[in-house]
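Visitor: Can you read through this structure? Questions will come right after.
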Amino acid sequence: MADLVVRSRRVTTPDGERAAAVVVEGGTIAAVLPYDAVVQAAQDIDLGDTALLPGLVDTHVHVNEPGRTEWEGFATATRAAAAGGVTTIIDMPLNSLPPTVTTAALKIKQAAAAGQCHVDVGFWGGAIPGNAADLPGLHADGVFGFKSFLADSGVPEFPPVDAGQLAEAMNAVDALFVIHAEDPDHLREAASSAAYADFLDSRPQDAEHAAVGTAIAVARAAGRRAHILHLSAASALPLIARARAEGVRVTAETCPHYLTLDAAVIPDGATEFKCCPPIRDAENADRLWEALADGLITCVVSDHSPCTPDLKRQDTGDFAAAWGGIASVQLGLPVIWTAAAERGHTLADVVKWMARRPADLVGLRNKGRIMVGADADLVAFEPDREFVVDVHALHHRNPVTPYAGKVLRGVVRTTWLRGSVVTGDNAGGKFLAREI
Ligand SMILES: [Zn+2]
């Protein structure tokens with residue numbers, strides 16, 4: 001007898017959407033059968049026209065615990081993730097203290113997270129100047145790869161690398177390198193201002209273009225995989241296309257804010273829109289959507305990077321002084337679905353960008369897909385229901401997000417992690433390690 005069967009007329013499988021019954025045994029998907037198949041199961045749920053998606057995989061989340069838990073912690077971040085249909089997150093190595101740049105630091109972070117995660121959690125390591133010797137050990141301990149910054153990270157304990165230091169890191173370990181690609185030589189110090197345009201001018205597309213070129217050149221020479229994080233500048237897309245055509249193993253992701261928000265209409269003082277690289281204009285966003293549609297950009301991830309309202313300078317609205325980071329892990333699915341549907345994309349496209357491809361990026365072949373043998377991470381999603389974002393109703397620790405007050409399409413009704421409903425009281429998430 002099976003533990004659970006979930007039936008829906010809209011099950012998103014790797015082959016597209018169809019009516020099906022998903023049978024769960026021991027936390028994994030045991031069978032995908034016709035919608036009305038007879039199954040002996042302890043629990044039989046019929047969602048009807050509510051869609052059934054695989055749990056999303058968000059490979060770009062800053063949890064900030066320990067050390068800056070007042071910005072966001074494991075309990076709040078993973079509860080928000082589950083409420084947003086995300087069942088796997090990979091935590092970034094910086095903004096927590098210590099940053100995850102040694103095996104000792106990884107153990108401290110895992111000890112801080114233990115017992116309070118509502119979804120499955122994996123970890124990135126960090127490659128900073130001087131820690132190349134630490135990278136093989138961190139990789140052996142299961143981090144999914146290494147993050148580096150080519151420009152200032154915003155925190156002093158995670159300094160940027162130059163091209164030579166990135167090469168040193170890549171030569172130290174055969175791993176996936178994920179790169180914040182802005183070139184400091186093209187960035188200007190932003191003057192104190194409540195006008196978004198002043199901040200945007202300080203971080204031009206050229207900065208991303210140059211840094212993407214650096215990352216590609218170093219990856220090419222070292223023969224390593226490079227993944228460009230949170231690509232905002234569409235001007236860098238041809239560089240990535242050319243490198244891929246030449247056999248360089250380079251991929252890129254973008255984020256809901258770069259795809260759906262428009263620099264031209266960001267209100268004065270609205271620092272909840274500040275992030276690095278910055279949100280650009282609507283024409284740029286159109287080109288990012290095209291790259292997503294043709295597969296040049298492979299994934300959409302949140303880059304959930306919250307902080308406290310005072311660090312966002314919500315009092316003064318000064319873009320130069322505000323912390324850069326967008327809080328959105330709970331909202332990525334409806335934000336992207338709302339915009340994707342308007343552009344004629346399907347729910348299967350959204351699942352490909354936000355579940356299967358991010359899982360593939362980090363080698364989690366049993367996540368992000370409704371398929372026999374995969375983890376039974378499932379999401380009941382009402383694609384046609386609208387809601388207004390109430391920032392105080394989100395599970396994010398701090399009530400700050402640029403999506404506050406927006407009308408979005410798509411409501412997560414239930415989230416299952418390995419076959420169990422995530423209620424918010426049960427912390428059933430486990431630590432994931434890179435599959436070797
Ligand atoms: Zn980030």
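Visitor: Counting only C-alpha contacts under 8 Å and six or more residues apart, can you give the relative contact order of the stretch 175-246 as a whole percent?
Guide: On the way: 83 pairs, mean separation 29.7, N = 72.
Across the stretch 175-246, relative contact order equals 41 percent.
Visitor: Considering Cα pairs under 8 angstrom that are at least six residues apart, work out the relative contact order of the stretch 55-362 and quote it in whole percent. Walk me through the numbers before you get to the answer.
Guide: On the way: 664 pairs, mean separation 55.2, N = 308.
In percent, rounded to a whole number, it is 18.
Visitor: Right, something else. Would you look at the GNM of the chain, springs on alpha carbons closer than 10 Å, and say which of Val38, Val407, Val388 moves the most?
Guide: Among Val38, Val407, Val388, the largest GNM mean-square fluctuation belongs to Val38.
Visitor: Pull up all non-local amide H partners of Ala41: gap of 5 or more, or a different chain, and H-to-H distance under 5 Å with H placed in the peptide plane.
Guide: Placed amide hydrogens put Ala2 under 5 Å from Ala41.
Visitor: Something else about it: If you plug each phi of the stretch 10-20 into the Karplus form 6.51 cos²θ - 1.76 cosθ + 1.60 with θ = phi - 60°, what whole-Hz ³J(HN,Hα) values come out, in order, with x for Gly and Pro?
Guide: 10, 8, 8, 9, x, 8, x, 9, 7, 6, 7
Visitor: Given H placed 1.01 Å from N in the peptide plane, which residues other than close sequence neighbours of Thr414 have an amide H under 5 Å from its amide H?
Guide: Under 5 Å from the amide H of Thr414: Ala380.
Visitor: Sticking with this structure for a sec: What longest range of the chain stays clear of loop-exposed GluC sites (Glu not before Pro) (DSSP non-H/G/I/E/B, at most 16 other C-beta within 10 angstrom)? Spell out each step's value before the answer.
Guide: Values: sites that count: Glu70, Glu157, Glu189, Glu246, Glu435.
Result for the longest clean stretch: 247-434.
Visitor: Report, in whole Å, the centroid distance computed from the Cα atoms of the stretch 1-40 and the stretch 277-306.
Guide: If we compute the Cα centre of each part, the gap is 32 Å.
Visitor: Quick one: which residues, 5+ away or cross-chain, put their amide H under 5 Å from the amide H of Asp318? H built at 1.01 Å from N.
Guide: Amide H neighbours of Asp318, under 5 Å, 5+ apart: none.
Visitor: Please give the Cα centre distance for the stretch 170-235 versus the stretch 346-424, rounded to the nearest Å.
Guide: Their Cα centres are 28 Å away from one another.
Visitor: Okay, moving on. Please check: in the Gaussian network model of the chain (C-alpha springs, under 10 Å), which one of Arg220, Arg369, Arg418 has the largest mean-square fluctuation.
Guide: Arg220
Visitor: Arranged from highest to lowest average of other beta-carbon atoms within 10 Å per residue, in what order do the peptides 126-139, 77-90 appear? Mind dumping the intermediate values first?
Guide: On the way: 126-139: 20.4, 77-90: 29.1.
Final packing ranking: 77-90, 126-139.
Visitor: Now a separate question. Using a 10 angstrom cutoff on alpha carbons, build the Gaussian network for the chain and name the most mobile of Gly325, Gly247, Gly154.
Guide: Of Gly325, Gly247, Gly154, the most mobile in the Gaussian network model is Gly247.
Visitor: Please report the antiparallel percentage of DSSP beta bridges with both residues in the chain, rounded to the nearest 5.
Guide: Numbers: 28 of 61 bridges.
About 45 percent, rounded to the nearest 5.
Visitor: Sticking with this one: Please identify the helices of the chain, taking whole runs of DSSP H, that span at least 18 Å along their own axis as judged from the Cα atoms and have a mean Kyte-Doolittle score of -1.0 or higher. Each step should come with its number before you reach the end.
Guide: On the way: long enough: 205-222 (26 Å, 0.44).
Helix filter hits for the chain: 205-222.
Visitor: Can you tell me the FRET efficiency between Asp36 and Thr423 if r is taken as the Cβ-Cβ distance and R0 is 41 Å, rounded to the nearest 0.05?
Guide: Numbers: r = 29 Å, r/R0 = 0.70.
With a Förster radius of 41 Å, E is 0.90.
Visitor: I'm a student and want to see the number: the projected area of the Cα convex hull of the chain, averaged over all directions, in nm².
Guide: 18.8
Throughout, read-outs are computed from the coordinates displayed, never taken from laboratory work. Being a predicted model, the structure only gives us computed values, none of them experimental. Neighbour counts are summed over all protein chains in view; Cβ atoms, including those assigned to glycine, are modelled from backbone coordinates with ideal geometry.
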